[in-house]
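The values are calculated or read from the model by the stated rules, or taken from the named source; none is laboratory data. Source: prediction; values computed, not measured. Counting neighbours? That spans all protein chains shown, and the Cβs are built from the backbone with ideal geometry, glycine included.
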Amino acid sequence: MQGGLRVKLLREILLVALSLIIISFAVFFLSSLSSGNISYYVLGDNAREEDVLKLSSSLGYDEPILSRYIVFLRNFFTLNWGRTINGYDIRALIAQRASVTVEIMIITLVLSLLVSIPVSLFCIRKEKGFADRFSDALILIIFSLPSFFLAIILMLCFSIYIPLFPSSGFISMRTSVIGNIRTLFLPSLSLTLMHSALYIRVLKRSLSDQMHKSYVLGSLARGKSRKRVILTDAFAPASVSLIALFSQSIASLIAGSAVTETVFAVPGLGSLAVSACLQRDVSVITIIMMIVSLAVALSMIVARIIIYAISAKGGEYGR
Amino acid sequence: MVDKRKLIASSAFFFSLLLFFFLTAGISEVDMDSSLFPPSLSHPFGTDIYGRDVLSRLSFGSLISIALSSLITVTTTIVGLLIAFLMDRKGIVSSLSFLVSNTMKSLNPIILALFLSSVFRPGFMVIFISISISHIPDIARTAYSRITIIKKEEFVLYAKAEGMGDLEIAVRHIIPQMRKEVLTQSISIFSSSILTESALSFLGAGIPVLLPSIGGMLSEGRPLLLSHPSLVLIPSAVLFLISLALHLMHDALDFDS
């Protein structure tokens, strides 16, 4: 049993690593397809043929594809990322943008857990009761709301009609901690609403599954109150389903907050990807694509290790 | 279990929305003289900043979005089922299809679309590819977990013993048995691709600007949010209704299981 689990874990990690190689190769290949355009972009549309060839070879485009791929990977891992079309250093730009996105991500994840766990526990006290049904309806509405609409509503409510928070922009943590939190609160809140809706739905479902299992029925029969059984027996196994979800959230928050960041004009990784796309700045978006894939792969591996650790510890949690 | 009443009600809701879009869709020319008209009989939702009728553009945009998303959903479902059956094979084919599915799973549709549209040109193809790729694994996983259960059932074993081919067993016995799970997943892919497509159009990497799209209308209306909130609120409400109808359908199929 133990050995089988370990083999399965290793197999899954291998799978993630291999898929990372495939993605990086595809990203490299596709971005090199547009290399010709870059030469024309630098030299202008009516550049002479030999100038284009010279620039292409100075950028290393006439070498065999595999050696260029290795150079690409080496440059990526040694943080030798080059410059944007406008001449900024990509490494400095991404470091600055990523810190904002990571901050939003941490606030969102913490808030989502703080919201979703008590709410699900409260709703499951009485299945099909008022709180349960009400939260189901609310979750349905939040799921159906387009993300920018949620962002715009929050902005209208809390920064224009009731001016509690700034509607856009960003103040760095070094300048003012309170200003920093105030600028990031609304974007994080709108992401929190979406993520916690998903968390509550999943957690409620797995809690209610656990509540019908025989060991819970046994505890109830022995006279434990429903409230205590939820906390002591059902919650720990049900929370396993949150771990896989958590890693998915990290994956989607690293990049998927592009819309929210754009609406609130927060300088994060997502809004950088959007502006790079509109400027056709392939070198920036290639690096972002690589970083996001790497981060997603890492979070998947970590989630699998945690799930492995839990299922190795207690057999009944794993299922 | 399927909640039949809820399913009928939500389908009726969705198809009446579709009918409404069909009846009101139209092409509206730029007419700067009628810029930003309030709602009236000839323009029930008013006109936008270029003087185009909001209702006809909105309906046309919704139809484009629904058509594109249906195409994405159908493709995703077929390819996902194919991968699921390949996963169930033995040896290298199985490992490779797990690898393909895992690779697709770790791609985020929005970032992928932004990447592809800066390498190629933004447009339908980019939206189609990036949304499909990120959803194929969902179908594949769902179908695969059903296949592993169904293939141990007696009627499948019996068909195999009678000498029925793998393809025929798949089509005649396995696919009908997982109809409900796959359909549920397809509907959730449908609604998520409508939302993703409108997000991409909102960001400027989606449907070409010349065609109407809900996302495009939202990004045009956003600077006018305070003076003309209806330009943002009406398209958002329509998007919400489409997505709500699909979510209700999904929940009706996936009732308490």
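Some notes on this structure:
- In the range A:275-315, the residue that is nearest to the other protein chains (Cβ to nearest Cβ) out of those that are loosely packed, with under 15 Cβ neighbours inside 10 Å and of a type outside the set (A, V, I, L, M, F, W, C) is A:GLN279.
- Matching entry among B:LEU226, B:LEU231, B:LEU200, B:LEU218 (being at the interface with chain A (Cβ under 8 Å from one of its Cβ atoms), surrounded by 22 or more Cβ atoms within 10 Å (Cβ to Cβ), of a type outside the set (Val, Ile, Thr) and over 30 Å from B:MET178 (Cβ atoms)): B:LEU218
- Of the criteria (1) closer than 17 Å to A:GLU127 by Cα; (2) in contact (Cβ under 8 Å) with a residue 60 or more places away in the chain; (3) within 23 Å of the chain's Cα centre (by Cα), which one A:PHE235 fails: (3)
- The range A:145-185, residues that are of a type outside the set (A, V, I, L, M, F, W, C) and within 14 Å of chain B (Cβ to nearest Cβ): A:PRO146, A:SER147, A:SER159, A:TYR161, A:PRO163, A:SER167, A:SER168
- Among the residues making up the range A:255-269, those that are crowded, with 21+ Cβ neighbours inside 10 Å and within 19 Å of A:MET173 (Cβ to Cβ) are A:SER257, A:GLU261, A:PHE264, A:VAL266, A:GLY268, A:LEU269.
- The criterion of at least 2 residues that are small (Gly, Ala, Ser) and under 17 Å from the mean Cα position of the chain (by Cα) is met, among helices (runs of 4 or more DSSP H) falling completely within the range B:110-178, by B:124-150.
- Any hit, the range A:142-160, residues being surrounded by fewer than 19 Cβ atoms within 10 Å (Cβ to Cβ), in a helix (DSSP H, G or I) and within 21 Å of the chain's Cα centre (by Cα): yes
- Enumeration of residues in the range B:89-117 that are farther than 17 Å from A:ILE23 by Cβ and either crowded, with 19+ Cβ neighbours inside 10 Å or within 12 Å of another protein chain (Cβ to nearest Cβ) (or both): B:SER94, B:SER95, B:SER117
- Every pair of residues 6+ apart whose Cβ atoms lie under 9 Å, when the first sits in the range A:290-302 and is more than 18 Å from A:ILE90 (Cα to Cα) while the second is in a helix (DSSP H, G or I) and of a type in the set (Lys, Arg): A:VAL296/B:LYS105; A:MET300/B:LYS105
- The residues listed here are A:ILE117, A:ILE104, A:ILE70; of these, the one that is in contact with a Ser or Thr (Cβ under 7 Å, 6 or more places away or on another chain), at pLDDT 85 or above and either of a type outside the set (A, V, I, L, M, F, W, C) or in a helix (DSSP H, G or I) (or both) is A:ILE104.
- Filter pass, A:ALA131 being free of Cβ contacts under 8 Å to residues at least 12 places away in the same chain and under 30 Å from A:PRO166 (Cβ atoms): no
- Applying the criterion of being of a type in the set (Ser, Thr, Tyr) and closer than 29 Å to A:SER188 by Cα to the residues of the range A:209-256, the residue that is farthest from the other protein chains (Cβ to nearest Cβ) is A:SER239.
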